[in-house]
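Notes follow the structure.
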Amino acid sequence: ANRHGELVRFYNAELLQALENRYTLLKHLRDAITEGDQLRVYYQPKFNMHTGKVCGAEALVRWQYDADTLLAPDQFIPLAETSGLITKIDTRVMETVFADVARLQSSGFALPVSFNVSNLDLLAPEFLGSLESLLLHSKLTASLFEIEITETQAMQNYEAVAPVLSRLVKLGVKISIDDFGTGYSSLAHFTKLAATVLKVDKSFVAQLAGKDKENALAVIKMVRNFAEQFGAIVVAEGIETEEQRAILTDNGYQIGQGYLFSRPIPFSQFETLLAQEKQL
Ligand code: C2E
Ligand code: CA
Ligand code: CA
């Protein structure tokens, strides 16, 4: 069903078999990275919820497995992480992001873009080397780039990850702690993470109108206060309804992402969206 650009989370028999066979999938993934240009970078726009305007985007990887199959990251990122392929994928995504941000810049849009990294990337000298060399050679300002790392992964390896994040912040790159609120940060550890953005986990946004809404609201408020204390900004993701949007803006959230505003879209559609917005 990907004629509409939708992700495929179910498969034809052959593909299902391939996915169940770790070895086959791994082989295909390796080919997808080394030979083909089967990895796609989609962009989910971030909106300033007060003005309704696009204020950035998050890069999200997809795997164009065959002509009608666009695989979601949860179908290959875990395997990539355990097999050592993740850093190659994330490097490819980062290179694409730099090229796309440069294209946006040359058409007059200086928009920040975030991309997701695994903690393994931050411990890989070749990944950090690629990032530094992209910053050096692209002549783009480092503040246009934001690294998203999940709270869980940052904490898992925090002794090694924290100094890397500080170094990146010194280079001018922004650091976003993703899925925040699910990772059991200790306060002492958190303060060393050099976070510039806290991205509250979408499970809390989803619960804002449900039966657990009191708890979810408490978390939403706590994360905002916490961010304020540390001079970080908050971003809310997974916003699907007008009701969720209203609760978030009432509680001091300005930047939002979610199906209510836009799904992740290919770069060309993102460019079109920006061009249309400019004409309004
Ligand atoms: P994430 O970083 O938390 O990304 C947000 C996920 O929520 C994306 O799923 C996005 O498509 C989805 N989403 C956006 N708006 C809504 C909404 O309104 N409702 C709901 N229910 N979901 C929404 P996606 O693209 O399938 O990515 C899943 C995860 O895979 C990401 O979660 C991220 O952890 C990982 N990932 C994606 N791209 C990369 C990458 O390039 N590198 C690495 N290392 N991980 C990646
Ligand atoms: Ca993310
Ligand atoms: Ca997230």
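The values are calculated or read from the model by the stated rules, or taken from the named source; none is laboratory data. Predicted model, so just to flag it, every value in this text is computed and none were measured. Note that we place each Cβ from the backbone using ideal geometry, even for glycine, and neighbour counts take in every protein chain shown. Ligands, DNA and RNA are excluded from the accessible area calculation, which covers all protein heavy atoms including side chains. Shrake-Rupley method; radii C 1.70, N 1.55, O 1.52, S 1.80 Å.
Observations
- Residue check: TYR259 meets all listed conditions (1) within 12 Å of ligand 1 (Cβ to nearest atom); (2) open to solvent by 50 Å² or more (accessible area, probe 1.4 Å); (3) on the phi > 0 side of the Ramachandran plot but one, namely (3).
- When ALA110, ALA124 are screened for being more than 16 Å from ligand 3 (Cβ to nearest atom), open to solvent by less than 40 Å² (accessible area, probe 1.4 Å) and touching a residue at least 12 places away in the same chain (Cβ under 8 Å), only ALA124 passes.
- Residue match in segment 110-122 (condition: under 30 Å from ILE247 (Cα atoms), more than 10 Å from ligand 1 (Cβ to nearest atom) and assigned to a helix (DSSP H, G or I)): no
- Flag if ASN215 is out of contact with any strand residue (DSSP E or B) (no Cβ under 6 Å at 6 or more places or on another chain) and without any contact (Cβ under 8 Å) to a residue 12 or more places away in the chain: yes
- First in segment 66-93 and within 19 Å of LEU128 (Cα to Cα), second anywhere and surrounded by 15 or more Cβ atoms within 10 Å (Cβ to Cβ) and among the acidic types (Asp, Glu), Cβ under 9 Å, 6 or more apart: ALA80/ASP90; ILE86/ASP121; THR87/ASP121; ASP90/ASP121; THR91/ASP121
- Any hit, segment 207-215, residues being of a type in the set (A, V, I, L, M, F, W, C), more than 16 Å from the chain's Cα centre (by Cα) and modelled with pLDDT under 95: yes
- Hits in segment 97-107 - residues which are open to solvent by less than 50 Å² (accessible area, probe 1.4 Å) and touching a helix residue (DSSP H, G or I) at 6+ places or on another chain (Cβ under 8 Å): PHE98, ASP100, VAL101, ALA102, LEU104
- Members of segment 176-211 that are open to solvent by 30 Å² or more (accessible area, probe 1.4 Å) and acidic (Asp, Glu): ASP179
- Residue selected from segment 219-250 under the condition aliphatic (A, V, I, L, M) and open to solvent by 50 Å² or more (accessible area, probe 1.4 Å), by the criterion farthest from ALA154 (Cα to Cα): MET222
- Among the residues of segment 182-211, those identified as more than 14 Å from ligand 2 (Cβ to nearest atom) and part of a loop (DSSP other than H, G, I, E, B) are TYR184, SER185, SER186, THR191, LYS192, LEU193, ALA194, THR196, LEU208, ALA209, GLY210, LYS211.
- All of ALA236, ALA216 fail the test of being within 16 Å of ligand 1 (Cβ to nearest atom) and more than 20 Å from ALA57 (Cα to Cα), apart from ALA216.
- The sole residue among THR241, THR196, THR182 that is of a type in the set (Ser, Thr, Tyr) and touching a residue at least 40 places away in the same chain (Cβ under 8 Å) is THR196.
- Residue in segment 185-197 that is out of contact with any Gly (no Cβ under 9 Å at 6 or more places or on another chain), over 21 Å from SER143 (Cα atoms) and within 16 Å of ligand 3 (Cβ to nearest atom) present: yes
- Number of the condition not met by ILE149 [criteria: (1) among the aliphatic types (A, V, I, L, M); (2) more than 14 Å from ligand 3 (Cβ to nearest atom); (3) out of contact with any Phe, Trp or Tyr (no Cβ under 9 Å at 6 or more places or on another chain)]: (2)
- Residue in segment 46-64 that is at pLDDT below 95, outside any loop (DSSP other than H, G, I, E, B), more than 20 Å from the chain's Cα centre (by Cα) and crowded, with 17+ Cβ neighbours inside 10 Å present: no
- Candidate set: segment 142-172, residues that are closer than 16 Å to ALA57 by Cα and more than 16 Å from ligand 1 (Cβ to nearest atom); chosen: the one surrounded by the most Cβ atoms within 10 Å (Cβ to Cβ): LEU144
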